Amino acid sequence: MSASKGKQATKGNKQIIEENVATLKFYRNMSLGSSVFFLLVTCIFFEPFAALQMTMTVLTFAIHGASFYFMTMMSRPQYTDSGSIIDSGSDLNIEGGIAE
């Protein structure tokens, strides 16, 4: 009837790295998709080259880029010279984590 209680299964470093790559691809695609959609709607229905419109567009793109860069830096793994994993970086998919 109830879910089993106890210790949650831990993930290995390789699994964390693979999931972080997939998460970064998802957020990159969502950011680019929303930016392209915004540009299309703006060019079709509004005056796209007004000063305020351009300023807000550039600011929005800068925030998207900075957020993606921050997530990339958080999840960057560290390797030894022989190629083994020292640190897998922050897990972007952890529940209640900073990446949420």
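Structure data summary
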quantity	calculated
Residue list for segment 44-63, restricted to those being in contact with a Phe, Trp or Tyr (Cβ under 9 Å, 6 or more places away or on another chain) and in contact (Cβ under 8 Å) with a residue 24 or more places away in the chain	Thr60
Selection status of Met1, modelled with pLDDT of 90 or more, open to solvent by 100 Å² or more (accessible area, probe 1.4 Å) and over 12 Å from Leu92 (Cβ atoms)	no
Residues of segment 26-85 classified as under 25 Å from Asn13 (Cβ atoms) and acidic (Asp, Glu), total	1
Matching residues in segment 64-100 - criterion: being open to solvent by less than 90 Å² (accessible area, probe 1.4 Å) and among the charged types (D, E, K, R)	Asp87, Asp91
From the options Phe37, Phe61, residue that is part of a helix (DSSP H, G or I) and surrounded by 12 or more Cβ atoms within 10 Å (Cβ to Cβ)	Phe61
Count - residues of segment 18-28 that are loosely packed, with under 14 Cβ neighbours inside 10 Å and either among the aliphatic types (A, V, I, L, M) or touching a helix residue (DSSP H, G or I) at 6+ places or on another chain (Cβ under 8 Å) (or both)	2
Matching residues in segment 64-80 - criterion: being aliphatic (A, V, I, L, M) and either touching a residue at least 24 places away in the same chain (Cβ under 8 Å) or not in a helix (DSSP H, G or I) (or both)	Met71, Met74
So Ile94, is it under 23 Å from Lys11 (Cα atoms), aliphatic (A, V, I, L, M) and touching a residue at least 12 places away in the same chain (Cβ under 8 Å)	no
Count of segment 44-58 residues which are in a helix (DSSP H, G or I), closer than 20 Å to Leu32 by Cα and open to solvent by less than 100 Å² (accessible area, probe 1.4 Å)	6
Test for Ser31: is it of a type in the set (Ser, Thr, Tyr), assigned to a loop (DSSP other than H, G, I, E, B) and open to solvent by less than 60 Å² (accessible area, probe 1.4 Å)	no
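The values are calculated or read from the model by the stated rules, or taken from the named source; none is laboratory data. Given the structure is predicted, the values throughout are model-derived calculations rather than measurements. For neighbour counting, all protein chains shown are included, and Cβ atoms are generated from backbone atoms with ideal geometry for every residue, glycine included. With ligands, DNA and RNA removed, areas are computed over all heavy atoms of the protein, side chains included. Shrake-Rupley method; radii C 1.70, N 1.55, O 1.52, S 1.80 Å.
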